[in-house]
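The values are calculated or read from the model by the stated rules, or taken from the named source; none is laboratory data. Remember, it's a predicted structure, so these values are computed and weren't measured experimentally. For neighbour counting, all protein chains shown are included, and Cβ atoms are generated from backbone atoms with ideal geometry for every residue, glycine included. Protein only, heavy atoms only, side chains kept; ligands, DNA and RNA dropped before computing areas. Shrake-Rupley method; radii C 1.70, N 1.55, O 1.52, S 1.80 Å.
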Amino acid sequence: MKKNIFLYLFVFAALIALYLAVSGSKMSDSNIVKIEKLNSETEVLKDSVQNLNLKVLDMQYFSLENNDDALAYYEHLSLEAPSRYIADKLLETNETAGTNPLIPYEGMEGDFKLNKIKIMNHKWIIADFSDGKFWGEILLKYELKDDMGVDFTLIDHLLYTRSN
């Protein structure tokens, strides 16, 4: 009788070991498939990140911050961020009562004020303006003087018309 109990225990342990081996093998195969899928998704994401980086570099092409030749014009001034300084000076023109003096239109729903500013190089700025309902863009020429004053000159402008 003792012999039969050991035989049954051995068969039972062998069945458990067989079950664990088959189960582990299936789990291992499943994990390998998941890992391969994640690796392929990672490659796709790496390509997407690389494409986005190229787009960002392309968008920054016309930018004072990334134009060493244009920044050379401001080396003699003690400015850490010339773009920020110029943008701040331009935004100060918004503080006048009424429409910004650089915008050649009267606001229809309110006063036209500058919103977004892109400093393209050491001479030109493009900016958009809005009164909350209507909007447009202006192209400005600027000059940063040695006394840290900035002169802005309107080169061209446009006002978008609404099409209903």
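Shown for region 16-84: the carbon plus sulfur share of the solvent-accessible area, taken with all protein chains present and a 1.4 angstrom probe, equals 60%. Have a look at V44, V150, V22 and tell me which one the Gaussian network model of the chain (Cα, springs below 10 Å) gives the largest fluctuation. Result: V22 has the largest fluctuation of those listed.
Placing pseudo-labels 7 Å out from each Cα toward the beta carbon at L71 and A13 gives an inter-label distance of 7.3 nm. Stokes-Einstein diffusion of region 66-109 at 37 °C, 0.692 mPa s viscosity, Kirkwood radius from Cα pairs, rounded to a whole number: 258 µm²/s. If you build a Gaussian network model of the chain, linking Cα atoms that sit under 10 Å apart, which residue out of L91, L52, L144 swings the most? Judging by the Gaussian network model, the answer is L52.
In the P(r) worked out for the chain, what percent of Cα pairs fall beyond 24 Å? Percent of Cα pairs beyond 24 Å in the chain: 62.
The modelled label-to-label distance between A21 and E43, using points 7 Å beyond Cα along the C-beta direction, is 3.5 nm. Only Cα pairs under 8 Å and 6+ residues apart enter the sum, and on that basis the relative contact order of the chain stands at 13 percent.
What's the angle, to the nearest 10 degrees (0 to 90), between helix 82-92's Cα axis and the longest principal axis of the chain? Approximately 60 degrees, to the nearest ten.
For the chain, the solvent-accessible area of protein heavy atoms averages 75 Å² per residue (probe radius 1.4 Å; ligands and nucleic acids excluded).
With the highest mean first, a sort of the peptides 128-136, 75-83 on other beta-carbon atoms found within 10 angstrom per residue produces 128-136, 75-83.
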